[in-house]
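Asker: For reference, the structure I am asking about is given below.
Laboratory data are not the source of any read-out in this text; all were calculated from the coordinates shown. Every value quoted in this text rests on a predicted model; they were computed, and no experiment measured them. Note: ideal-geometry Cβ built from the backbone for every residue, glycine included; neighbour counts use all protein chains shown.
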Amino acid sequence: MRGLMMEGPLTLSAILRRAATVFPRRDVVTLGYGPPRRAGYAEVAATARRLSAGLGRLGIQPGDRVASLCMNHDRHMAAYFGVPAAGAIMHTLNPRLHADDLAAIVRSAGDRAVIVDEALLPVLDAIRERVDPGVAIVAADGPAPQGMLGFDDLLDDDPGEDALADPDELDAAFLCYTSGTTGAPKGVLYSHRALVIHALVCVHGDAFDVREADTVLPVVPMFHVMAWGLPFACAMSGARMVLPGPAVDPASVLAAVAEERVTITAGVPTVWLGVLAALDVDPGAHDVSSLKWLIIGGSAAPRVLMEGLERRHGIPCMCAWGMTETTPLGTAARLPPDMAAAPEDDQLTLRQSQGRPVPFVETRARGERGMIPHDGRTMGELEVRGPFVASGYFGREGPTEQITDDGWFRTGDIVTIDEREVVRITDREKDLVKSGGEWISSVALENALMGHPDVAEAAVIAIPDERWMERPLAVVVVRDGAAPTPEELIDHLRPSFTPWSLPDAVEFVDALPRTATGKFKKAELRERFGGPRPG
């Protein structure tokens, strides 16, 4: 017997219609392009409707891919809703990628059009030398360059609320390619239903806890897994959004927090390390008293980062884990009630983890001998499943090795899981050091090294070894004016690590290579310092 309930649409259009009706004047603020631009959700919805209709006149059909080469701003936000409302698929492109990589992604996606920032036209030109991404729509004021359309050229008279259509909730709405840190980028195709459920989870009190009273600053770029779903979560809850445009340097971020009274902000550790350094230089120059949460994701948070932000500057931090294939939120590190009276260091240790699975996400981990016990010590590869977890990749027919026979997604992250179901990442499968048959966590070594006062950044890689197959090597960037020796840094690690897990050597570099999303390029470091890995 089936239940007697209406089948309301789980679509992005339904989210925006509610935002326009219930929170019409809660505003989306765009910074970085002159004076702040402010548009209420009713205005955002009207722009999305007009864009949707304009794309139809342009010949965009349901299922067509419309790319964006944009930073975080109001026109990009309107496209987030207007493109899927047209039945098309919004495909976010990362402008920090090399032109060859972008061209390969555009070719794979089969884009019919691209919405591009004026400042990113040189990136588009480089793509066009390699592949045709379709008609260019320039998201800027004033006339578009010859042969292109202006964003406003598509915005004729508002066709009314009926233009904000509801596709089938299982239809694709967004396409995002993985960062390619462990292989060629792969396309993840998100349905309306998955994005709506993910937004519901983001506003959950034990996840990001986004409420109408909040003002949210997504420092994470909108092209990076849809800004972690925050635009949808904000529209769903009625929270104000502050979009920073191209300016995400520490001074601009801190100014936005102070001037707009931001309560929640989110970004990767490298962003917050820069913010922490700016706060340490002149704490009194920056008002961060409005912050309720500073969300750290993208990679494991160094303990020294959380200690600095919380203990020196009073900014509450929350770690979260996810990936392109999980839309991206998978776990969140909120303190369980039974830890409320625990020592502060124990609380910080738990909150520095990746946390417990959010609603609708299930987790398990598999070691060499099968499923690992949840004892907080045994390591295995994390597997997940849920209604916003990818079941395959765009354009790749048939099964993928990343889906297990019983339907779980293999993340490639090596983790422990404790009795509370708290997940702690110890490494990526491809970055784990396996020395003499024993696993060594590069993440733990990196976090400990960055706790040394002379170390700005550190990466630990596996290099070949004739006897042990692999050994850890530390690659370190020192702070200005500091000159630690390799012996000093290894001695700093000794109290916390067994002798066999210590790095054999330390290499000093001026900067660590990064991917377009801010993660360390360990493959490049291995090529530079160690050559190909054994086996």
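Asker: Along region 356-366, what does the Karplus equation 6.51 cos²θ - 1.76 cosθ + 1.60 (θ = phi - 60°) give for ³J(HN,Hα), rounded to whole Hz, x for Gly and Pro?
Answerer: Here the 3J(HN,Hα) series is 9, x, 6, x, 6, 9, 10, 10, 7, 9, 10 Hz.
Asker: Per DSSP H run of at least 4 residues, take -39500 (n - 2.57); add these up for the chain, divide by its residues and hand me the 222 nm value, nearest 500 deg cm²/dmol.
Answerer: Result for the chain, helices only: -7500 deg cm²/dmol.
Asker: Counting other beta carbons within 10 Å of each Cβ, put Met226, Met1 in order, fewest first.
Answerer: So the ranking, lowest neighbour count to highest, is Met1, Met226.
Asker: A follow-up question, please. Dimensions of region 431-535 along principal axes (Cα, Å, largest first)?
Answerer: 40, 35, 19
Asker: Within 10 Å of each residue's Cβ, count the other Cβ atoms and sort Lys519, Lys434 from fewest upward.
Answerer: Sorted ascending by nearby Cβ count, the order is Lys434, Lys519.
Asker: Take the alpha-carbon positions of the chain, form their convex hull, and give its projected area averaged over all directions (one quarter of the hull surface) in nm².
Answerer: Mean shadow area of the hull around the Cα atoms is 26.7 nm².
Asker: Further question on the same structure: Any of Lys186/Lys521; Lys434/Lys522; Lys292/Lys522 with alpha carbons more than 23 Å apart? Name them for me.
Answerer: Lys292/Lys522
Asker: Still on this structure, I have one more. I need Lys522, Lys292 ordered by Cβ neighbour count within 10 Å, fewest first.
Answerer: Ordered by Cβ neighbours within 10 Å, fewest first: Lys292, Lys522.
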